[in-house]
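The values are calculated or read from the model by the stated rules, or taken from the named source; none is laboratory data. These numbers were taken from a predicted model, which means no experiment stands behind them. Cβ atoms come from the backbone with ideal geometry, glycine included; neighbour counts cover every protein chain shown.
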Amino acid sequence: MDRIGIITSGGDAPGMNAAIRAVVRAAIGRGVTVVGFHHGYEGVIKNEATVLDSKSVGGIITFGGTILRTARSKEFMEKSGREKAIEVLHQNGCQGMVVIGGDGSLTGALRLHDEFEFPLMGVPGSIDNDISGTDFSIGFDTAVNTALDAIDRVRDTAYSHERVFVIEVMGRRNGFIALEAALAGGAEAVLIPEIPYSLLEICDQLRASADKGKRSSIIVVAEGAAKAGEIKDFIQKNTGFEARNLVLGHMQRGGSPTAFDRVLALRLGAFATNRLISGFKGEMVGVDGSKLVSHPLSYVLSTERAVDPEKLLLAEVMAQ
Ligand code: ADP
């Protein structure tokens with residue numbers, strides 16, 4: 001193998017640039033040329049190719065987002081689109097490709113692997129941390145810290161004005177960001193899609209806290225669980241407490257990656273590249289504790305990541 005492709009695809013995540021840098025430099029270290037395609041699978045189909053040398057990835061480790069840009073490609077969802085993508089990869093002399101992205105992008109990679117036996121390696125890049133086969137995906141730690149920073153700031157004003165604040169965080173159908181940020185931010189309650197909740201019980205809890213002298217509270221809501229505005233209205237109506245809501249939204253995707261995400265991205269990017277060059281394919285790399293691991297994409301995409309019950313219990317106990 002002397003030439004490989006690389007894309008970032010789907011939702012962007014802080015740390016993707018560090019992963020690109022790692023792939024390029026690890027490949028160059030083994031005498032392999034890296035072709036970067038802009039705009040994910042869409043850019044492969046449209047042949048938006050550039051050779052990435054060591055210098056082209058210099059100075060990008062501090063940036064959020066992705067220098068290769070990202071996109072969602074409808075054409076790639078069709079077999080004819082994937083055929084075009086394979087044709088372009090062959091035209092560019094690519095004998096394999098590293099795909100950095102979330103579960104959708106990894107599903108696309110598995111399709112290419114299964115249909116055309118094209119050598120692919122997946123690198124998990126998603127702020128949602130909803131990909132199984134790895135304890136952490138690139139961008140999660142930064143997104144949690146961004147949400148935490150917002151929670152800390154809001155707590156100051158919630159305390160001063162004696163208000164309840166309902167803060168909605170990202171996470172699609174999962175509550176990983178919400179649970180982690182709620183624990184770290186000392187939230188009084190956390191609502192996630194994986195666990196049923198009772199708003200009446202939360203109102204009782206807020207009243208009980210107020211009786212004990214607590215005059216402000218933070219409730220963290222995962223976007224997949226409920227709308228912060230509706231929770232705020234319910235609480236206000238049922239308790240009479242003054243409440244506000246805040247949707248953090250896309251700010252959680254941006255920003256300079258944390259040291260954790262940068263190092264994770266460097267390790268995963270280099271590991272994926274070395275495995276691809278060594279002849280492994282159809283896998284996604286990840287971490288299990290501090291160890292690097294690699295699993296078949298078919299396994300990763302057919303298993304669900306579950307929330308940690310110990311953390312859920314901890315959040316409950318801490319909110320008392
Ligand atoms: P993410 O990778 O962040 O989960 P998406 O789910 O939007 O983001 O997926 C990114 C891209 O991956 C899609 O636009 C599409 O081109 C490709 N993709 C997603 N699911 C499939 C699929 N089932 N088959 C083929 N390609 C897919």
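In the condition set (1) over 16 Å from the mean Cα position of the chain (by Cα); (2) touching a residue at least 12 places away in the same chain (Cβ under 8 Å), PRO196 is compliant with all but (2). Among the residues that make up the stretch 153-163, is at least one of them out of contact with any Phe, Trp or Tyr (no Cβ under 7 Å at 6 or more places or on another chain) and either within 16 Å of the ligand (Cβ to nearest atom) or under 22 Å from THR50 (Cβ atoms) (or both)? There is no residue in the stretch 153-163 that is out of contact with any Phe, Trp or Tyr (no Cβ under 7 Å at 6 or more places or on another chain) and either within 16 Å of the ligand (Cβ to nearest atom) or under 22 Å from THR50 (Cβ atoms) (or both). If the condition is being touching a Ser or Thr at 6+ places or on another chain (Cβ under 6 Å), in a loop (DSSP other than H, G, I, E, B) and within 12 Å of the ligand (Cβ to nearest atom), then the stretch 34-79 contributes THR66, THR70.
Among GLY108, GLY122, which is assigned to a helix (DSSP H, G or I), buried (at least 24 other Cβ atoms within 10 Å of the Cβ), within 14 Å of the ligand (Cβ to nearest atom) and of a type outside the set (Asp, Glu)?
GLY108
Can you name every one of the helices (runs of 4 or more DSSP H) wholly within the stretch 230-318 that holds 2 or more residues which are within 21 Å of VAL144 (Cβ to Cβ) and not hydrophobic (A, V, I, L, M, F, W, C)?
Numbers: elements: 259-277, 297-300, 309-318.
Correct list: 259-277, 309-318.
Quick check, is MET16 within 30 Å of ALA259 (Cβ to Cβ) and either within 15 Å of the ligand (Cβ to nearest atom) or not assigned by TED's automatic domain parsing to the domain that holds LEU297 (or both)?
Spelling it out, MET16 is indeed within 30 Å of ALA259 (Cβ to Cβ) and either within 15 Å of the ligand (Cβ to nearest atom) or not assigned by TED's automatic domain parsing to the domain that holds LEU297 (or both).
Does VAL24 count as farther than 19 Å from PRO257 by Cβ, assigned by TED's automatic domain parsing to the domain that holds ASN92 and either touching a strand residue (DSSP E or B) at 6+ places or on another chain (Cβ under 6 Å) or free of Cβ contacts under 8 Å to residues at least 40 places away in the same chain (or both)?
Here the answer is no, as VAL24 does not meet what is asked.
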